[in-house]
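One structure is given here, and the rest of the page talks about it.
The values are calculated or read from the model by the stated rules, or taken from the named source; none is laboratory data. As the structure is a computational prediction, the values presented were derived from the model and not from experiment. Backbone-built Cβ (ideal geometry, glycine too); neighbour counts: all protein chains shown.
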Amino acid sequence: MPPVGIVTDSACDLTAALAEEAGVSVVPLTIRFGDEELLDRRDLSPAAFWARCRTATSLPETAAPAPGSFRRAYDEAADRGCEGVLCLTISAGVSATYQSARAAADSFDRVPVEVIDTRTLTMGQGLLVLAAAEAAAVGEELAQLAARTREAMGRTRVFGVVDTLDHLQRGGRIGGAKALLGSLLSIKPVVQVKDGVVAEESKQRTRARSLDYLARKVRADAPLERLAVVDGAAPDIGDFLARLEGVEVAHPLVVTDLGPVVGTHAGPGTIGACYQVAVR
């Protein structure tokens, strides 16, 4: 049993298989379609989410887990014999999840709990979680894991190609991308996670150019430690993956679905590139 249990939230977009293999506990956020509330990836899979989005008349909403949900995850880790817990959450700049996890930790006294706002989202968060879980599995203690994670945060990049900024605008998550709003019809924007929020990265005139640009960004930062691609029901995901062939990366490429938490605000057709630059 690793001395430290790793807890995260479902915004990380780890698949159930990846989380189980890594020994990670995932606390789900809630997705609301009108009066209907569904737990992310428990009641609502990414495939079912995107299918519902195609017929929905309004955007779904997301809600952070209650502190009690995190406390249960901390309790489960203590019950397994863990001597501490490291909890890595979606950026506090876009969600109240960190505050909820922090509140649960403040009232938990069975074992020490360290909560880190990763200041990123989707598989940027997920890659940090996987790295922490691997280090925990070989016996690293809580302080070491926290320091390792904070160092890796500085090398973590998240970029995305979105079909439109409409979802980001309506969901209130557009951050620094506001400058793009005047030309929604004439561009295929590239956004990034910067300082914990979604911001404009560049303006590309066509979808093909935006995918080429994103692939060049990834290649320019190689060699990479880890690389993940997230698919928001994008019909051209295969084309983008082909553009990344041969990128130098230490760990195997991870491809996952963009889940409801981030997908609600990014919209269908989103493709994300999430990676950690190798230590130079």
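Worth pointing out:
- One residue from T55, T30, T8 being in contact with an Asp or Glu (Cβ under 7 Å, 6 or more places away or on another chain) and polar (S, T, N, Q): T30
- Among the residues listed as D231, D195, D236, D257, the single one being among the acidic types (D, E) and over 29 Å from T57 (Cβ atoms): D195
- Evaluated against (1) crowded, with 21+ Cβ neighbours inside 10 Å; (2) at positive phi, G81 falls short on exactly one condition, (1).
- Residue check, A104 without any contact (Cβ under 8 Å) to a residue 40 or more places away in the chain, out of contact with any Ser or Thr (no Cβ under 7 Å at 6 or more places or on another chain), buried (at least 24 other Cβ atoms within 10 Å of the Cβ) and not assigned by TED's automatic domain parsing to the domain that holds P235: yes
- Residues being among the small types (G, A, S) and without any contact (Cβ under 8 Å) to a residue 24 or more places away in the chain - total across the stretch 230-280: 3
- Qualifying residue in the stretch 161-176 (condition: at pLDDT 90 or above and in a strand (DSSP E or B)): yes
- Scanning the stretch 17-35 finds no residues that are part of a helix (DSSP H, G or I), buried (at least 17 other Cβ atoms within 10 Å of the Cβ) and in contact with a Cys (Cβ under 6 Å, 6 or more places away or on another chain).
- Test result for D109, loosely packed, with under 15 Cβ neighbours inside 10 Å and of a type in the set (D, E, K, R): yes
- Cβ-Cβ contacts under 8 Å between residues 6 or more apart (or on different chains), taken from a first residue in the stretch 10-21 that is not assigned by TED's automatic domain parsing to the domain that holds G232 to a second residue that is among the polar types (S, T, N, Q) and part of a helix (DSSP H, G or I), are listed as A11/T97; A11/T122; A11/Q125; C12/T122; C12/Q125; D13/T122; D13/Q125.
- Options V218, V254, V229, V190: the member that is of a type in the set (V, I, T), modelled with pLDDT under 95, crowded, with 18+ Cβ neighbours inside 10 Å and outside the structural domain of T149 (by TED's automatic domain parsing): V190
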